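Taking it in order: structure first as structure tokens, then the write-up.
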């Protein structure tokens, strides 16, 4: 139990600065241009497909450097299994509007539909690293959907 609490605390520490940063500038974030939209969606889709196959090595490869510095691959896998089970057992996922800040940060909502039960909305936060979009954090999104969000 103590290890699980430490893992959960680590997850919150990893995504809290990104989430706060996004909320603080949400009004300034813009609809992304086509190239950014396609690249961000490709990254999220690839990670979701890897998680659906429970291929944690492939999913971990899409994680941003900050996540990889903070979590080893086995800890990353445990975090997904315990904290994001819908990502492992989903039938489909729909990606919504992609927004970016213009400085290498982007966000997209993914509605993940599990085999049973209602869909769960996740806000993916991404960073541009060496020309490739990487997943910097994933949060349950409880905000009402925006027009065009999944």
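The values are calculated or read from the model by the stated rules, or taken from the named source; none is laboratory data. The model shown is predicted, which means the values in this text are computed figures rather than measured ones. Counting neighbours? That spans all protein chains shown, and the Cβs are built from the backbone with ideal geometry, glycine included.
Take the conditions surrounded by fewer than 19 Cβ atoms within 10 Å (Cβ to Cβ), at pLDDT 95 or above and assigned to a helix (DSSP H, G or I) and apply them to residue 75. Does it pass?
Here the answer is yes, as residue 75 does meet what is asked.
Restricting the search to the stretch 54-71, which residues are in contact with a helix residue (DSSP H, G or I) (Cβ under 9 Å, 6 or more places away or on another chain) and farther than 20 Å from residue 109 by Cβ?
54, 55, 56, 57, 58, 60, 61, 66, 68, 70, 71
Please work out which one of (1) part of a loop (DSSP other than H, G, I, E, B); (2) out of contact with any strand residue (DSSP E or B) (no Cβ under 8 Å at 6 or more places or on another chain) is the condition residue 102 fails and give its number.
It fails just one condition, (2).
Of the conditions (1) out of contact with any helix residue (DSSP H, G or I) (no Cβ under 8 Å at 6 or more places or on another chain); (2) farther than 17 Å from residue 53 by Cβ; (3) loosely packed, with under 14 Cβ neighbours inside 10 Å, residue 96 fails just one. Which one is it?
Residue 96 satisfies all of (1) out of contact with any helix residue (DSSP H, G or I) (no Cβ under 8 Å at 6 or more places or on another chain); (2) farther than 17 Å from residue 53 by Cβ; (3) loosely packed, with under 14 Cβ neighbours inside 10 Å except (3).
Need pairs with beta-carbon distance below 9 Å; first residue on the phi > 0 side of the Ramachandran plot and touching a residue at least 40 places away in the same chain (Cβ under 8 Å) and within the stretch 90-110, second assigned to a strand (DSSP E or B) and surrounded by fewer than 19 Cβ atoms within 10 Å (Cβ to Cβ); sequence gap 6+ or separate chains.
From the stretch 90-110, the pairs are 102/30.
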